[in-house]
Each structure stands twice: as structure tokens, then as C-alpha cells.
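Asker: Sharing a structure here in C-alpha cells format.
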Amino acid sequence: MWWTRQIASNCQRLSAQLQWQLRCFSTPAEQTLGIIGVPFAKGQSKQGVELAPDLLRESKLRDVLKNSDERLVIRDYGNLQYAVDETLLQQQRQHYHHIRNYADFMACNLALIEQVQQMLKQNAQFLTIGGDHAIGFGSVAGHLQHTPNLSLVWIDAHADINLHSTSQSGNIHGMPVSFLLQQLRATWQHAALDKIAPNCLPKDQLVYIGLRDIDPYEAFILNKFGIRYYAMDSVDRVGVPKIIEMTLDALNPLNKIHVSFDIDALDSHVAPSTGTAVRGGLTLREGISIVEALRDTKRVQGMDLVEINPKLGSEHDVRTTVDSGLEILKSMFGYRRSGARDWNNLDTGILGREL
Ligand SMILES: *[C@@H]1O[C@H](CO)[C@@H](O)[C@H](O)[C@H]1NC(C)=O
Ligand SMILES: [Mn+2]
């Protein structure tokens, strides 16, 4: 009968429309990811880290992320540009001439602070690709200006919490955390931090994982302020699951989370191409476990991946390091080794009626 066909076709249309609407609602704004490359290499003395953002893009970063969660909408903002002005050069000459490239460090991070806020206005989450870890300051500080109630998980072989007065190398990639904490701000009294990044990180909302090369003054600072850090000896003693549990217990459950991942947190077998490799680090599986667990909180809003240096080691070393970095990103942005996923987007039609 014509009218049954009519009803059937109306139903089909309605159901298609409903499905389309469901799809729209299940692809909410929270699936948008902004990416910025920061080819900054002046926080340390080895050339090459500035090549990592473009190398990751050439290594199919976008496809890897897209395959980890097909609902992700990726906006790549290219590589950050900055210009050094006379005020910063003057600050450097007068107060910070004993550390390397202060003016460049500050100019780059000022631009990054703006960029991160811009990305968070337009996207639910962001990824900053270094460059060396000096850019951790701007990435987290920009995040804090947008989201004052923030927790930070710093996954690294090093604590990166030197002051200009305690650093032996003068390399500023070993100092970014000291710019972020309320308690250490006074040590940067000529940097005008209250003006450029007024929101600080409370020391109880910082957790380190993976440390194994801590300078004496850094150890003093960590202990004096009671900063939580799970060095590799803790990983050995209690294992990664317990460390994740203690980390999540320590962080305010209402806060968003920033994950700053230095590739040198991973063992130098799986991440050889990095400037300050240290043996005895996290296995790739441990690294993946940590980011999977953080991701599962649904609170991660920003991430850094830094210190991949394509000019160090053999071609094979570089490939291994980039692949490890991509595995970490894949798990952070939704891939699950268990196969667990959101079934809504799966076309189950091909399974036939039995399933
Ligand atoms: C941040 O936390 C404070 C309490 O610690 C709370 O009063 C405030 O509403 C929070 N802000 C946001 C934006 O959630
Ligand atoms: Mn680091």
C-alpha cells in the first residue's frame, strides 16, 4: 500500500535526521584540539629541538590523533613566532646576563601565554609541541591565565625548578617550574611576573613523575616546600598504578589538569634522541599507563610534548624517539589498548541482525 510505504519512508527520513542530530550532539565542542608548535631551542645548548614540531607533523601527527578518536576536531595553529624587544634585552643585561638567552626565553613565552589563551577560547583543549622545556613556563602560565584552578603533572627525568642563582649550566630549560610557583616568584623579582602571568600555581597542585637527575638545590627546594615528587625509586618501590592513585588523590578533583611531558622521562632506550637523556627511566608502557590514567579523569585540558631532538643519534634513534612520542600522544587523546571506546559512532549495520 502506498501509505505504508509513505510511513516507512517518513520513518527512514526521521531516523536519518535523528541519527544526524545525535551525531551532532555527540560531536560537541569538547572534541576540539588546538595545536601549536614552538620551535624554541635557546633554553639549552644543542641545536635540533626546534625541528621537532614539523617532524611530528611529517610523521602523521594528525592521522595518529585522528585515529585515536575520530571525533577529534584538530586545529593546527602552525609554529609560534616571537620578537625580542629592547625592554627584555635590558632586563637581560641588567639582571639575567649570567643565564643564557633570557630575553629570547621571555619573548617566546610571552607570545605563548597569549597563544594558549587564544587556543582555549576556540578549543576545548590544546597541545604545545616543543622545542625545549623552557616553553613549559609559557604553556602552563597561559593555561593558568585562562583556567586559574589548575593542577600540573610534570613528567620528566629532571625537576626543571632551578633558580637563576642555583643553575650550574645557565640553561633556562632547567628553570621553567620556578616561574610558575607562588613561593619562588620573588626569586625572579626583575621579570615582572605579576604583570605578565599574574596567576600562579599552588605548590600542592604540582606533582612530578619520573625524576632521576635532581640537582642539590632543586632537591632542597622540593623538600623545603613539600612538593610531591615520584622519582624513579618510587616507581621501583610501589609501581606506576600506585603512583597514579597517589597523584590523583593529591590533585583537586575540581581542577583541570595540565600535563607537561618531557620525552626524557622515558628510558633512553625508547627515547634516545633528546638533549639530556638519562638511563633508567620509564618504560614506554609505564608512560602510556600514566597518560591513559590522566586522560581517563576527563580533566586534562592542556599538554606539552618537549625535548625531542632530531639532530641527536642515528636515523633509527630519531625514528624510535618520534614513535614513542606519538604513542604517548595517541593515548593522551583517546586511544585505548583495551579497545574500549565510545560505541555511538560505530556503524553496527555491517554486523547484520544477529548482533
Ligand atoms: C576556583 O576555586 C575556588 C575555591 O578554591 C572557587 O571559589 C572558585 O569558584 C573556583 N573557580 C572556578 C572558575 O571554578
Ligand atoms: Mn624537562
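The values are calculated or read from the model by the stated rules, or taken from the named source; none is laboratory data. Predicted, not measured: the structure shown is a model, and the values here were computed from it. Note that each Cβ is placed from the backbone with ideal geometry, even for glycine, and that neighbours are counted across all protein chains shown. These accessible areas exclude ligands, DNA and RNA; they are computed on the full protein's heavy atoms, side chains included. Shrake-Rupley method; radii C 1.70, N 1.55, O 1.52, S 1.80 Å.
Asker: Contour minus end-to-end for Leu355 and Leu254, with contour as 0.36 nm per residue of separation and end-to-end as the Cα-Cα distance?
Answerer: The span from Leu355 to Leu254 would gain 32.4 nm if fully extended.
Asker: Quote the relative contact order of region 231-337 in percent (integer), defining contacts as alpha-carbon pairs under 8 Å separated by 6+ residues.
Answerer: 31 percent
Asker: While we're looking at this one, here's another question. Rounded to the nearest 0.05, what FRET efficiency do Arg279 and Lys46 have when you use their Cβ-Cβ distance and R0 = 25 Å?
Answerer: Efficiency computed from Cβ-Cβ geometry: 0.85.
Asker: Select from His316, His269, His164 the residue whose mean-square fluctuation is largest in a Gaussian network model of the chain (Cα-Cα springs shorter than 10 Å).
Answerer: It is His316.
Asker: I'd like the distance separating the alpha-carbon centroids of region 134-204 and region 296-355, in whole Å.
Answerer: Using only Cα atoms to place each centre, the spacing works out to 28 Å.
Asker: Follow-up. Using alpha-carbon pairs under 8 Å, 6+ residues apart, how would you state the relative contact order of region 285-355 in percent?
Answerer: Relative contact order of region 285-355: 42 percent.
Asker: Would you mind checking the pairs Lys60/Lys311; Lys66/Lys242; Lys121/Lys256; Lys256/Lys311 and listing those with alpha carbons more than 27 angstrom apart?
Answerer: The pairs that break the limit, which is 27 Å between Cα atoms, are Lys66/Lys242; Lys256/Lys311.
Asker: Continuing with this model, one more query. Among Ser338, Ser178, Ser59, whose mean-square fluctuation peaks in a Gaussian network model of the chain (Cα, cutoff 10 Å)?
Answerer: Answer for the Gaussian network model of the chain: Ser338.
Asker: Let me ask something else about it. Using the alpha carbons of region 220-306, what is the convex hull volume per residue in cubic angstrom, as a whole number?
Answerer: 113 Å³
Asker: Under DSSP H, which helices of the chain have Cα atoms covering 24 Å or more of the helix axis and a Kyte-Doolittle average no less than -1.0?
Answerer: Answer set is 2-26, 102-122, 315-332.
Asker: Give me the percent of accessible area attributable to carbon and sulfur for region 96-228, probe 1.4 angstrom.
Answerer: 47 percent
Asker: Which whole-number percent gives the relative contact order of the chain, counting Cα pairs below 8 Å spaced six or more residues apart?
Answerer: 19 percent
Asker: What net charge do the residues around Ile172 carry, taking every other residue with its C-beta under 13 Å from that of Ile172, with Lys and Arg at +1 and Asp and Glu at -1?
Answerer: -1
Asker: Compute the distance in nm between two label points, each set 7 Å from the Cα along the Cα-to-Cβ direction, one at Lys224 and one at His316.
Answerer: 4.7 nm
Asker: So, R0 is 30 Å and r is the distance between the beta-carbons of Trp343 and Tyr77; what FRET efficiency does that work out to, to 0.05?
Answerer: Efficiency, rounded to the nearest 0.05: 0.40.
Asker: Residue separation times 0.36 nm, minus the C-alpha to C-alpha distance between Glu245 and Glu70: what's the value?
Answerer: Additional length available on full extension: 60.1 nm.
Asker: Which residue fluctuates most in the GNM of the chain (Cα springs below 10 Å): Asp85, Asp213, Asp160?
Answerer: Greatest mean-square fluctuation among the candidates belongs to Asp85.
Asker: Of Gly34, Leu201, Ile308, which is farthest towards the positive pole of the chain's charge dipole, taken about the Cα centre with +1 and -1 on the beta-carbons of Lys, Arg and Asp, Glu respectively?
Answerer: Looking along the dipole axis, the top candidate is Gly34.
Asker: Any idea of Cys200's accessible area? Nearest 10 Å², probe 1.4 Å.
Answerer: Cys200 has an accessible surface of roughly 30 Å² with all protein chains in place.
Asker: Please compute the Kirkwood hydrodynamic radius of the chain from all pairs of different C-alpha atoms, in Å with one decimal.
Answerer: 21.3 Å
Asker: Now a separate question. Per-residue ellipticity at 222 nm for the chain, helices alone: DSSP H runs ≥ 4 residues times -39500 (n - 2.57), over residue total, nearest 500 deg cm²/dmol?
Answerer: Mean residue ellipticity, 222 nm, calculated: -13000 deg cm²/dmol.
Asker: With charges only on Cβ, +1 for K and R and -1 for D and E, what is the dipole size of region 264-355 about its Cα centre, in debye, rounded to 20?
Answerer: That gives a dipole near 240 debye.
Asker: Moving on to the next point. Which residue, Gln125, Thr276, Leu184, has the largest displacement toward the positive end of the dipole of the chain when charges sit on each Cβ (Lys, Arg +1; Asp, Glu -1)?
Answerer: In the chain, that residue is Gln125.
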